[in-house]
Amino acid sequence: MKAKRKAAPKRKSKKFALWLFLCGGLTAGGYLALPYLSCCFDNACMSLADISGFQIRHIDIKGATPKVAALVRQKLQIYEGEAIFKLSTGDMYKNVCDIPWIKSAIVSKNLPNFVSVQVEQKEPIAVFQKDGVSSLIDANGDLIETVFEKPRGLPLVAGENANRCVSRMLDIIAKYPDLRHRLDALVFVQGRRWDITVSGLKIMLPDRNTEKTLEVLAKLLDNGRINKNTANYIDMRIYNRVIINGLNISIDKKNAV
């Protein structure tokens, strides 16, 4: 009886070893079969698309101008008739956001055969000139697109780091609609202050009290006595002092002109 009791653990050990061998074999076999299973899955998806009509029939792009919509279609790298299951929304999203015109995007697949792209475009606020190249820029100063002609309504901007600083300056100038409408160009000088050109007249602004100075400038230009025909430049860099064609004029900026 004692001998039989001692033999029992050996039988259990053999069963456990056999179980481990079978599990290992199944695991290895499954790993080796992965490429085959993946291929079968892809073929099944293609077959499902062929049988049930899960092929792209519509690509809808919203929020984009015709020009940008064409860039989106090109970047999507998909075509009508392609199996919708084969597409990755993550890849499509990345490709669309790589377009400099795109601020944000939402890409979705709508079964059985519809791809939807909703985009928000960047809005150009000026034309930034550097090293002989002119580029549209957005409010963050990011370059959008190289241009060879200045679009109507957008001012020229130049100067080191001017593209990153001009948005705030334009917001201040926008408080004076007539001044903004007549604005031609802005030059960032030594990273501290701006020179602006309004209807062909150059105005040198200070590095402080810019908003108050622009208020005075708007009044000076509004009365019509100062323009590019009567002045070559206006120097307003000194507080309470306006220099027109080299002539000093005292100005009370609280009750200007």
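The values are calculated or read from the model by the stated rules, or taken from the named source; none is laboratory data. Remember, it's a predicted structure, so these values are computed and weren't measured experimentally. We place every Cβ from the backbone using ideal geometry, glycine too, and count neighbours over all the protein chains shown.
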Consider Arg193 carefully, then state whether it is in the same structural domain as Asn163 (by TED's automatic domain parsing), in contact with a Leu (Cβ under 7 Å, 6 or more places away or on another chain) and not aliphatic (A, V, I, L, M). yes
Which ranges mark the helices (runs of 4 or more DSSP H) fully within the range 76-183 that have 2 or more residues being farther than 30 Å from Gly200 by Cβ? 89-97
Pull out all pairs, ordered by first then second residue, where Cβ-Cβ is under 7 Å, the residues are six or more apart or on different chains, the first lies in the range 53-79 and is within 16 Å of Leu111 (Cα to Cα), and the second is polar (S, T, N, Q). Gly53/Asn113; Phe54/Asn113; Gln55/Asn113; Ile56/Asn113; Arg57/Asn113; His58/Asn113; Asp60/Ser116
So Lys94 ticks every box in (1) surrounded by fewer than 12 Cβ atoms within 10 Å (Cβ to Cβ); (2) charged (D, E, K, R); (3) under 30 Å from Ser135 (Cα atoms) but one. Which box is left unticked? (1)
Sort through Lys109, Lys103 and tell me the only one that's on the phi < 0 side of the Ramachandran plot, within 20 Å of the chain's Cα centre (by Cα) and basic (Lys, Arg). Lys103
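Answer yes or no: is there a residue in the range 199-208 that is closer than 25 Å to Gln129 by Cβ and charged (D, E, K, R).
yes
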Among the residues of the range 213-225, write down those that are in contact with a helix residue (DSSP H, G or I) (Cβ under 9 Å, 6 or more places away or on another chain), over 15 Å from Ala174 (Cα atoms) and surrounded by fewer than 19 Cβ atoms within 10 Å (Cβ to Cβ). Asp222
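From Gly141, Gly132, which residue is within 30 Å of Gly90 (Cα to Cα) and among the small types (Gly, Ala, Ser)?
Gly141
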Has the range 133-149 got any residue that is assigned by TED's automatic domain parsing to the domain that holds Ile78, among the small types (Gly, Ala, Ser) and either closer than 30 Å to Ile61 by Cβ or in contact (Cβ under 8 Å) with a residue 40 or more places away in the chain (or both)? no
With respect to Ser167, is the statement that it is within 30 Å of Gly81 (Cα to Cα), surrounded by 14 or more Cβ atoms within 10 Å (Cβ to Cβ) and touching a residue at least 24 places away in the same chain (Cβ under 8 Å) true? no
For residues that are out of contact with any Ser or Thr (no Cβ under 8 Å at 6 or more places or on another chain) and surrounded by 17 or more Cβ atoms within 10 Å (Cβ to Cβ), tally how many sit in the range 104-116. 2
